[in-house]
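Q: One structure follows; several queries about it will come next.
The values are calculated or read from the model by the stated rules, or taken from the named source; none is laboratory data. As the structure is a prediction and not an experimental result, all values here were calculated from the model. Backbone-built Cβ (ideal geometry, glycine too); neighbour counts: all protein chains shown.
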Amino acid sequence: MKNIIQTDWKKFIFTLLRMAIGWHFLYEGISKLIIQDWSSYSYLANSTGPFSGFYHWLAASEGILRIIDLLNIYGLILIGIALFIGLFLRIAAIAGTFLLILYYFAYPPFGESLFNIGDGHLFIVDKIFIEVLALLFFVFYKEKGFGIEHFIELIKKSRHKAPTENIPYSDSRRNVLKNLATLPFLGLMGVWTAKSIRKFGVDVMSGATIQLDQAALGELKGTLPKGKIGDHEISRMVLGGNLIGGWAHSRDLIYVSSLFKAYNTEKKIYETLILAENAGINTINIGFPTNALIAKYKRMTGSKIKVISQVAPNMQKGDYFEQINQAIDYGADILQVQGNWCDWLVRDQKTEVIEMMLEKIRSHKITAGLASHTVDALIVCEEKGIIPDYYMKTMHHDQYWSAHPRENRIPFEVDGKNYLDHNRFHNNIFCLFPERTVEFVNKAKVPVMGYKVLAAGAIEPKDGFNWAFENGADFICVGMFDFQLVKDVNICIDTLNNLNNRKREWFG
């Protein structure tokens, strides 16, 4: 009797594990089936890892994609039903293992796709890996648990038993109930699922139903052109770091910076960086506080993304080189005097600090940049012979609604303050005098990187990119969320391919 109970408990635990995995497969398949026009295209086209080329190839053919979608949906449903009710268990386990392996290597939890998709910061062993091990156990272990297949075997055995081998009626009935119990459970869970879907819709957090709202990497129109700053070959469009750091520049919407930080979790930042690199952006410009995060990302993924770090002097300590030394320790490739600080130092007649900072950067054989919001700051530096390896200048026109009137603009007004006077600066314009900026840029004999080219979201990318490049920018720095990246890269490629009115020669 004790052996019988132990055997039943083993079968019971085995059955529960099998039903749980079966329900996972079944639910994922049903979720795909219910979603109108569901396709695996985005999932395949955005694949990363050592086998990403194979998945991108699958996504590139409409005919193959239709077959994959059908196999995905109905394969998951049939495998799920078979596992849940215990029918054709070995075949279902083999098919399920094969399908999960395909999922696993589309976004493997190691290498550059470590933080790209999944339930957390996992390494090698994730949910898919564990389910594969469980299915392999089903394939090689003789135990099937309770279910239809076991029920059929009992019927076959009973037909071949000798008349003297009578089985008590009560035991026979218990065996029938135990082996058929999965059917009412499946029906009950199906009813609950149907009610939930009618009330709340499809569970969009299911791995099967997540559809990335972004142009897929397969839709890239070409290769993003590159140029040179110092010894560094960098993409003509550089990823801006403000959205990652939470510097929103959102006029008087005080909650937006917190919203950016809430969206850009560490995992989301890593996803964005990986997507940017896959789209051809090989450089990021960051505020100094973001150095630690980017250094960690590069260690974790082996990324080769080039880092331009903004640096500022510590005027309270009288230590002009503190951030320079720390940024070098973090592994930054290019250092740039931060824009506000350039403006403040020129405004306060302390240009010697800028000169010392540039010399310090160059003493480490590192490319030295100088940023500014107000063109007057760069003009004064140039007049004093302070020439960086490249300029970074806010470059956008002022033909948008929230730009305050020209007659009210004051040099050095973009100074970190937000004035309450409606006609003064309030995070609403960053290139105060566009014509003077264009005049300075077109005379510059070093590369120029334009930033705030979209006026912090007030100008459409097609318009802002074209204006900056036509008016002399050699590179543009653009803050982008992950869902904007590929579209913006395509716009940049189109803009560079169709540039008609640029007068300045390309530097870099």
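Q: How do the pairs read when you match residues in the range 355-382 that are assigned by TED's automatic domain parsing to the domain that holds Ile328 and farther than 22 Å from Phe412 by Cβ with residues anywhere that are crowded, with 20+ Cβ neighbours inside 10 Å and at pLDDT below 95, using Cβ under 9 Å and keeping only pairs 6 or more apart or on different chains?
A: none
Q: Has the range 257-267 got at least one residue that is in the same structural domain as Glu383 (by TED's automatic domain parsing) and crowded, with 21+ Cβ neighbours inside 10 Å?
A: Let us first name the residues in the range 257-267 that are in the same structural domain as Glu383 (by TED's automatic domain parsing), namely 257-267.
When the remaining residues are screened for being crowded, with 21+ Cβ neighbours inside 10 Å, the result is none.
No: zero hits.
Q: How many of the residues making up the range 45-66 are touching a residue at least 12 places away in the same chain (Cβ under 8 Å), within 16 Å of Phe98 (Cα to Cα) and surrounded by fewer than 21 Cβ atoms within 10 Å (Cβ to Cβ)?
A: 1
Q: Residue check: is Val453 at pLDDT 95 or above, under 22 Å from the mean Cα position of the chain (by Cα) and on the phi < 0 side of the Ramachandran plot? Break it down into steps so the answer makes sense when it comes.
A: On the way: at pLDDT 95 or above: yes; under 22 Å from the mean Cα position of the chain (by Cα): no; on the phi < 0 side of the Ramachandran plot: yes.
Judged against the criteria, Val453 is not a match.
Q: Can you name every residue in the range 319-354 that is assigned to a strand (DSSP E or B) and touching a residue at least 40 places away in the same chain (Cβ under 8 Å)? Spell out how you get there, then give the answer.
A: Taking the range 319-354 first, the residues assigned to a strand (DSSP E or B) are 319, 334-337.
Within the range 319-354, Ile334, Gln336, Val337 qualify.
Q: Quick check on the range 67-101: of everything there that is β-branched (Val, Ile, Thr), surrounded by fewer than 17 Cβ atoms within 10 Å (Cβ to Cβ) and in contact (Cβ under 8 Å) with a residue 24 or more places away in the chain, which residue is farthest from Phe137 (Cα to Cα)? Reasoning before the result, please.
A: Going through the range 67-101, the residues β-branched (Val, Ile, Thr) turn out to be 67-68, 73, 77, 79, 81, 85, 91, 94, 97, 101.
Applying the additional criterion that residues be surrounded by fewer than 17 Cβ atoms within 10 Å (Cβ to Cβ) yields 67, 91, 94, 101.
Narrowing further to those that are in contact (Cβ under 8 Å) with a residue 24 or more places away in the chain: 94, 101.
Values: Ile94: 10, Ile101: 15 Å.
Among residues in the range 67-101 that are β-branched (Val, Ile, Thr), surrounded by fewer than 17 Cβ atoms within 10 Å (Cβ to Cβ) and in contact (Cβ under 8 Å) with a residue 24 or more places away in the chain, the one farthest from Phe137 (Cα to Cα) is Ile101.
Q: From the list Asn278, Asn285, which residue is at pLDDT 90 or above and either surrounded by fewer than 20 Cβ atoms within 10 Å (Cβ to Cβ) or not aromatic (Phe, Trp, Tyr) (or both)? Before you say what the answer is, go through the steps one by one.
A: Numbers: Asn278 fails: at pLDDT 90 or above.
Of the residues listed, the single one that is at pLDDT 90 or above and either surrounded by fewer than 20 Cβ atoms within 10 Å (Cβ to Cβ) or not aromatic (Phe, Trp, Tyr) (or both) is Asn285.
Q: Further question: Are any residues in the range 11-44 of a type in the set (Val, Ile, Thr) and surrounded by 18 or more Cβ atoms within 10 Å (Cβ to Cβ), and if so, which ones? Let's see the steps before the verdict.
A: Filtering the range 11-44 for residues of a type in the set (Val, Ile, Thr) gives 13, 15, 21, 30, 34-35.
Result: Thr15, Ile21, Ile30.
Q: Looking at the structure I just gave you, is Gln316 free of Cβ contacts under 8 Å to residues at least 60 places away in the same chain and touching a Gly at 6+ places or on another chain (Cβ under 7 Å)?
A: Numbers: free of Cβ contacts under 8 Å to residues at least 60 places away in the same chain: yes; touching a Gly at 6+ places or on another chain (Cβ under 7 Å): no.
No; evaluated as a whole, the condition is false for this residue.
Q: Moving to a separate point now. Evaluate the following for Cys477: is it touching a Ser or Thr at 6+ places or on another chain (Cβ under 7 Å) and either assigned by TED's automatic domain parsing to the domain that holds Gln336 or at negative phi (or both)? Quick ask: steps written out before the conclusion?
A: Numbers: touching a Ser or Thr at 6+ places or on another chain (Cβ under 7 Å): no; either assigned by TED's automatic domain parsing to the domain that holds Gln336 or at negative phi (or both): yes.
Spelling it out, it is not the case that Cys477 is touching a Ser or Thr at 6+ places or on another chain (Cβ under 7 Å) and either assigned by TED's automatic domain parsing to the domain that holds Gln336 or at negative phi (or both).
Q: I've got another one for you. Working only within the range 388-410, note down all residues that are crowded, with 16+ Cβ neighbours inside 10 Å and either over 37 Å from the mean Cα position of the chain (by Cα) or in a loop (DSSP other than H, G, I, E, B) (or both).
A: At the first step, the residues of the range 388-410 found to be crowded, with 16+ Cβ neighbours inside 10 Å are 388-398, 400, 403-404, 409.
The answer is Pro388, Asp389, Met395, His396, His397, Asp398, Tyr400, Ala403, His404, Arg409.
Q: State yes or no: is Asp421 at pLDDT below 95 and acidic (Asp, Glu)? Reasoning before the result, please.
A: Working: at pLDDT below 95: yes; acidic (Asp, Glu): yes.
So Asp421 fits the description; yes.
Q: Just to be sure before I move on: is Asn490 among the polar types (S, T, N, Q), in a loop (DSSP other than H, G, I, E, B) and in the same structural domain as Ile361 (by TED's automatic domain parsing) in the structure I sent? Working first, answer last.
A: Values: among the polar types (S, T, N, Q): yes; in a loop (DSSP other than H, G, I, E, B): no; in the same structural domain as Ile361 (by TED's automatic domain parsing): yes.
No.
Q: Return yes when Gly22 is under 34 Å from the mean Cα position of the chain (by Cα) and in contact (Cβ under 8 Å) with a residue 24 or more places away in the chain and no when it is not. It would help to see each step written out before you state the result.
A: Values: under 34 Å from the mean Cα position of the chain (by Cα): yes; in contact (Cβ under 8 Å) with a residue 24 or more places away in the chain: yes.
Criteria met by Gly22.
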